[in-house]
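Visitor: One structure coming up, written as structure tokens, with questions to follow.
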Amino acid sequence: VLGDRKGFFIRDLFKSKVSLLILLAGFSWTIASPAHAFIRVQEKESKEANKLYEEGNYEEALTRYETILEEHPDSYELVMNKANTLYKLGKYDEALAEYKKCSGAQKEELLASSLYNKGNTLFRMGKMKEALDYYKSSLKMNPADGDAKYNLEVTLKKMQEQQEQKQKQEDRSQKSEK
């Protein structure tokens, strides 16, 4: 029998005018706020693109991210995902341009990640000094980032190796001139 059920029912809210006003305000906010629908749609589209990325289908993932970004250009997370996809495709100049768009992100974690990813991209492009600077910037924002620390060390080692190789070539060149 319904009357014997214990628990919370909407009709219990109507017993108090304050509760009724709160309930109606909540419903009107939910109905008036299209952001919930936007988030669900964007989430669904993003999940599909993310799945393609995780499966290694980078071209299709890139197409999906670009389509979503047309409707939601201010989403730094989507920009980051697009940049990561471009990076995976070896399109480093394009990836770098997208990572730079994330410099206005308010979330420190996202900003630190974009700095780290800029470092990775520049490393791949052979721009060690610039990569080093971005790893340092990333570590300033997130000192506990072990990957950034490791990449910083690898970059320093690579720069040292390049310097040693350059010195050897100069020494050989000077010997052959004599």
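The values are calculated or read from the model by the stated rules, or taken from the named source; none is laboratory data. Keep in mind the model is a prediction, meaning the values are calculated, not measured. Glycine also receives a Cβ, built like all others from the backbone with ideal geometry; neighbour counts cover every protein chain displayed. The area values use the complete protein model at the heavy-atom level, side chains included, leaving out ligands, DNA and RNA. Shrake-Rupley method; radii C 1.70, N 1.55, O 1.52, S 1.80 Å.
Visitor: From (1) of a type outside the set (K, R); (2) open to solvent by 60 Å² or more (accessible area, probe 1.4 Å); (3) modelled with pLDDT under 95, pick out the condition that doesn't hold for D133.
Guide: Status for D133: all satisfied but (3).
Visitor: Residues to consider are G119, G126, G146; find the one that is more than 20 Å from N50 (Cβ to Cβ) and either open to solvent by 80 Å² or more (accessible area, probe 1.4 Å) or in contact with a Leu (Cβ under 9 Å, 6 or more places away or on another chain) (or both).
Guide: Working: G126 fails: either open to solvent by 80 Å² or more (accessible area, probe 1.4 Å) or in contact with a Leu (Cβ under 9 Å, 6 or more places away or on another chain) (or both); G146 fails: either open to solvent by 80 Å² or more (accessible area, probe 1.4 Å) or in contact with a Leu (Cβ under 9 Å, 6 or more places away or on another chain) (or both).
Criteria check complete, one pass: G119.
Visitor: Regarding S46, is this residue part of a helix (DSSP H, G or I), surrounded by 14 or more Cβ atoms within 10 Å (Cβ to Cβ) and at pLDDT below 90?
Guide: So S46 fits the description; yes.
Visitor: If we keep just the residues of segment 67-94 that are surrounded by fewer than 16 Cβ atoms within 10 Å (Cβ to Cβ) and closer than 18 Å to M125 by Cα, which is nearest to the chain's Cα centre (by Cα)?
Guide: K88
Visitor: Quick one: in segment 149-178, of everything that is open to solvent by 100 Å² or more (accessible area, probe 1.4 Å) and among the polar types (S, T, N, Q), which residue is modelled with the lowest pLDDT? Spell out the reasoning first.
Guide: To start, the set of residues in segment 149-178 that are open to solvent by 100 Å² or more (accessible area, probe 1.4 Å) comprises 150, 153, 157, 160, 163, 165-166, 168-169, 172, 174-175, 177-178.
After this cut, where a residue has to be among the polar types (S, T, N, Q) as well, the list is 160, 163, 165, 169, 174.
Details: Q160: 96, Q163: 93, Q165: 92, Q169: 87, Q174: 79.
Taking the candidates together, the pick is Q174.
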